[in-house]
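Working notes, structure below.
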Amino acid sequence: MNRRDLLRATTALGLTTVAGRVWAAPKADARLLVVFLRGAYDAANVVIPTGSAFYYQARPNLALARPDPGNPNAALALDADWGLHPALRDTILPLYARGQAAFVPFAGTDDLTRSHFETQDTIELGQTVGATRDYNSGFMARLAAELTRVRPIAFTEQMPLIFRGGETVPNVAINGVAKPGLDARQARLIAAMYSDTKLAGAVAEGFRVRDAVYTTISDHAGQADRGAVSPKGFELSARRIGRLMRETFNLGFVDVGGWDTHVNQGAGTGYLADRLGELGRGLAGFVEEIGPGWSETVVVVLSEFGRTFRENGNRGTDHGHGSVYWVLGGGIRGGRIVGPQVRADAAHLFQNRDYPVLTNYRALLGGLLQRLYGLDQASLHRVFSGAEPADLGLI
C-alpha cells in the first residue's frame, strides 16, 4: 500500500493527521469558540448599568434610556441594575431569557497600556503580564496540547497568536473564501515533492483541510442562494463557522473588527448599534447551524479592553480598561450577570475614567476550561501559568 492509499484508508476510518499526529474524531460534547472583538468595544453601552445615575450624567449624548416598552431605542431589562442594547433584542436577549447567555462585567486584563496591539497580544498569549513574552505560545495552542480528540481551527486570514505553538493548526479566512488557488493536479505535484520528508503529513493535511472547508462553504452558499436574502459580514461568516464546527472542528477562534468608536458612536441607533446588530445576528446564525450540538457548545465573546466611562467631546469613547465578557451556550447556567461587581459610579472608576477589572480574564477562562474539559490543576497551569481559576458557576 502506498502513502496515498494509506492516507485514503485512514480517512475512511475517521482519522486524520495534523503534522504527523493521529487524531480521533472530535468530541461532540466539547465545542468551544472564542470570538475576539478587536478594537475594544464599548461594553458600557452594550450591557448597560441602567441602575446608575452616574451613567446618565457621564454620557449626556450616548446613554441609552432606561427600559421602557414604549421606546424601541431604550435598554432591554436584564435585571434591576443592568440592561441590554436594543440591537440585540431578537438575537442575544432570547438566549439570555432561556438561560443560555450570561454577562461578566468588570472583566479584563491587568495590562494597563491601553494599547490595542499590546493588550490583544496579552489576551491571546495568556501569559503573566510583566514577564518575558513567548510569542510562539498562545493559550489556545497550549489548551489544544492538553486535550485529546480535539480538532482546532482559526477562522482568520493569518495564524493568530492565540494558536501559535504546538501542533499545526489550520487557519482559513472564512469571510468571502475564494476557490483554492491550486487545482487538484498542482496539489498532487506539491504533495509528491514532500512525500519522503517530515513535512509530508502536514502538507497532506493542509490540502485536505483546504478542500474540506471550501466544499463545506460552497455547499452552504449554494443553499443560501435558493431564494433567500444573502447574508453579509459576520452574519454569513458565523453560519459558515457553525457548520464547520458542527461537522468537523470543535475548538475555534474568530476575530471581528470595527469596535474602535472614538467618534459618533451613537446610542440606541448609529454606528455601534449597527455593529451589534450584525454581531448578534451572526451569533444567532451560529447557534442555528450548530443545531442540537448547541447544548454541548460554549462561546466566549471578549475584547482587549473596555472604553472610557465618560463620553468624549466627539460623541464617542476612548481607550479604557475593564470590559464585559459574554458566555453563551446551550448548557450553561446563564440568564444572569455574574462575577464580582461594584456600583458604576465615580467613586469606583479605575483611575477616575474606566471600569475596574474585578475578574481577570485568565481566571475566568481557566474556570470555564476546568469545568468544560475536566482539566486537573497541572494541566490548567500549563495553559494559564500562575493563574488560579475563578468558578463563576456557569458550567
Discussion item. Criterion first (in contact with a strand residue (DSSP E or B) (Cβ under 7 Å, 6 or more places away or on another chain), touching a residue at least 12 places away in the same chain (Cβ under 8 Å), surrounded by 21 or more Cβ atoms within 10 Å (Cβ to Cβ) and within 23 Å of Met140 (Cβ to Cβ)) does Phe305 satisfy it?
Written reply: yes
Worksheet item: For Val357, all conditions in the list (1) surrounded by 17 or more Cβ atoms within 10 Å (Cβ to Cβ); (2) in contact (Cβ under 8 Å) with a residue 60 or more places away in the chain; (3) in a helix (DSSP H, G or I) hold save one; what is the number of the exception?
Response: (3)
Worksheet item: Taking segment 282-310 as the region of interest, how many residues are over 18 Å from Gly257 (Cβ atoms) and assigned to a helix (DSSP H, G or I)?
Response: 12
Item to complete: Give the residue, chosen from Gly313, Gly393, Gly386, that is surrounded by fewer than 17 Cβ atoms within 10 Å (Cβ to Cβ), modelled with pLDDT under 95, among the small types (Gly, Ala, Ser) and in a loop (DSSP other than H, G, I, E, B).
Response: Gly386
Worksheet, complete the sentence: Among residues of segment 281-299 being crowded, with 21+ Cβ neighbours inside 10 Å and more than 12 Å from Arg239 (Cα to Cα), the residue farthest from the chain's Cα centre (by Cα) is Trp294
Practice prompt. Go through segment 318-354 and give me each residue that's assigned to a strand (DSSP E or B) and within 29 Å of Val150 (Cα to Cα).
Written response: Val324, Tyr325, Trp326, Val327, Leu328, Gly329
Discussion item. Looking only at segment 76-85, filter to residues that are touching a residue at least 60 places away in the same chain (Cβ under 8 Å) and farther than 11 Å from Tyr96 by Cβ; which one of those is surrounded by the fewest Cβ atoms within 10 Å (Cβ to Cβ)?
Written reply: Asp81
Practice prompt. Show the residue pairs that are 6+ apart or on different chains and have beta-carbon atoms under 7 Å apart, the first residue being within segment 262-290 and within 23 Å of Phe309 (Cβ to Cβ), the second being part of a helix (DSSP H, G or I) and among the hydrophobic types (A, V, I, L, M, F, W, C).
Written response: Gln265/Leu272; Gly266/Leu272; Gly266/Ala273; Ala273/Ala87; Leu276/Ala87; Leu276/Leu88; Leu279/Phe234
Fill in: Search result, residues across segment 225-250 that are of a type in the set (Lys, Arg), modelled with pLDDT of 90 or more and touching a Gly at 6+ places or on another chain (Cβ under 9 Å)
Arg246
Worksheet item: Glu288 is checked against (1) at pLDDT 95 or above; (2) among the acidic types (Asp, Glu); (3) over 21 Å from Gly331 (Cα atoms) and fails just one. What number does that condition carry?
Response: (3)
Worksheet entry | Members of segment 250-281 found to be closer than 15 Å to Arg89 by Cα and touching a strand residue (DSSP E or B) at 6+ places or on another chain (Cβ under 8 Å), listed by number | Leu279
Worksheet entry | segment 112-161, residues that are surrounded by fewer than 21 Cβ atoms within 10 Å (Cβ to Cβ), farther than 25 Å from Thr248 by Cα, of a type in the set (Val, Ile, Thr) and in contact (Cβ under 8 Å) with a residue 40 or more places away in the chain | Thr128
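The values are calculated or read from the model by the stated rules, or taken from the named source; none is laboratory data. Please read all numbers here as calculations on a predicted model, not as lab measurements. So basically every Cβ, Gly included, is an ideal-geometry build from the backbone, and we count neighbours across all protein chains shown.
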